[in-house]
Amino acid sequence: MSEVTHIKEQIRFLISLQEYDKKIYALAKEKDQLPLEIVKLQKAFDDKKALLHSLEEDSKSMAIKRKEKEIDLASKEENVKKLNTQLATLKTNKEYHAMLAQIASLKTDNSVLEEEILKSMDAQDTLKEDISKEKIRLAEEEKRFNEEKKEVEARIKEIESSMADLTAKRDHIVPSVEKRVFATYARVLKAKEGLALVSIKDFACQGCHMAVTPQVVNEIKMQEKIIICESCARILYLEEDI
């Protein structure tokens with residue numbers, strides 16, 4: 001076999017090999033991004049759960065404050081009862097009127113507390129409705145999240161299966177490639193993320209689109225050795241010569 005035929009054959013093997021490798025690299029890139037998609041979906045769902053948690057915490061806080069006011073009201077009502085009982089024991093009008101004023105003040109405070117408690121009860125009822133609606137909405141969001149997560153996980157498995165199939169097919173070609181040629185191809189493939197071999201069109205490398213000299217084109221046509229682009233370090237070939 002002549003050297004010209006040998007190099008031409010090697011380039012043909014590399015072209016076939018790269019067809020598989022380009023697909024493998026593209027799938028691998030997609031696969032690497034998919035876990036990030038799951039993280040994004042999880043964060044969006046967690047944010048929605050955080051909203052429900054916030055509403056529930058507000059409800060607890062509101063219940064505590066209402067309980068404190070109810071205790072305060074009960075205490076003040078008990079004081080009113082005690083003061084009313086003490087009225088009969090007072091000996092002077094001054095003491096009597098002072099006690100009445102104190103009772104009136106306590107009753108005013110109690111009225112304010114009662115109004116605040118009623119408002120708090122209304123606010124709690126509204127908040128309970130909001131929490132109930134949010135739980136229903138969150139259940140729907142969780143269902144949607146799980147479905148989308150399953151779709152992403154299914155796509156990952158699909159990609160892994162496709163990559164395994166493509167790798168098996170490209171591995172059938174590898175033994176046909178000379179070791180030194182394959183070593184060069186593998187090195188460039190890794191550095192250029194799946195595009196190690198490119199053609200020349202109109203005296204331009206189709207990998208980096210930089211101009212290629214006529215001398216380089218002639219060297220490729222001679223097919224005496226593997227020619228590398230001086231700009232992007234990819235392996236060059238001419239489609240018309242393959």
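The values are calculated or read from the model by the stated rules, or taken from the named source; none is laboratory data. Since the model is a prediction, treat every value here as computed from it, not as a measurement. Note: ideal-geometry Cβ built from the backbone for every residue, glycine included; neighbour counts use all protein chains shown.
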**OP:** Six or more apart or on different chains, Cβ under 7 Å: which pairs go from a residue in region 81-102 that's touching a residue at least 12 places away in the same chain (Cβ under 8 Å) and at positive phi to one that's surrounded by 13 or more Cβ atoms within 10 Å (Cβ to Cβ) and not in a loop (DSSP other than H, G, I, E, B)? Could you list them?
**Re:** none
**OP:** Taking G207 as the residue in question, decide whether it is over 23 Å from P175 (Cα atoms) and either buried (at least 19 other Cβ atoms within 10 Å of the Cβ) or touching a helix residue (DSSP H, G or I) at 6+ places or on another chain (Cβ under 8 Å) (or both).
**Re:** yes
**OP:** Evaluate region 197-207: report whether one residue or more is modelled with pLDDT of 95 or more and in contact with a Gly (Cβ under 6 Å, 6 or more places away or on another chain).
**Re:** yes
Original post:
Residues in region 196-211: is at least one in contact (Cβ under 8 Å) with a residue 60 or more places away in the chain and either under 18 Å from E239 (Cβ atoms) or of a type in the set (A, V, I, L, M) (or both)?
Top reply: yes
**OP:** Starting from residues that are of a type in the set (A, V, I, L, M) and touching a residue at least 40 places away in the same chain (Cβ under 8 Å), keep the ones in region 112-153 and report whichever is nearest to D58 (Cα to Cα).
**Re:** L127
**OP:** Go through region 169-193 and give me each residue that's buried (at least 16 other Cβ atoms within 10 Å of the Cβ), part of a loop (DSSP other than H, G, I, E, B) and within 35 Å of the chain's Cα centre (by Cα).
**Re:** K192
Original post:
How do the pairs read when you match residues in region 1-17 that are assigned to a helix (DSSP H, G or I) and small (G, A, S) with residues anywhere that are surrounded by 14 or more Cβ atoms within 10 Å (Cβ to Cβ) and at pLDDT 90 or above, using Cβ under 6 Å and keeping only pairs 6 or more apart or on different chains?
Top reply: S16/I173
Subject >> Unmet requirement for S162, which otherwise passes all of (1) part of a helix (DSSP H, G or I); (2) closer than 30 Å to K23 by Cα; (3) small (G, A, S); (4) without any contact (Cβ under 8 Å) to a residue 40 or more places away in the chain >> reply: (4)
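Taking the stated definitions as given, is F13 touching a Ser or Thr at 6+ places or on another chain (Cβ under 6 Å) and either buried (at least 16 other Cβ atoms within 10 Å of the Cβ) or at pLDDT 95 or above (or both)?
Here the answer is yes, as F13 does meet what is asked.
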**OP:** For region 218-235, name all the residues that are out of contact with any strand residue (DSSP E or B) (no Cβ under 7 Å at 6 or more places or on another chain) and surrounded by fewer than 19 Cβ atoms within 10 Å (Cβ to Cβ).
**Re:** N218, K221, M222, E224, K225, E230, A233
Original post:
Within region 221-242, how many residues turn out to be modelled with pLDDT under 95 and touching a Phe, Trp or Tyr at 6+ places or on another chain (Cβ under 8 Å)?
Top reply: 0
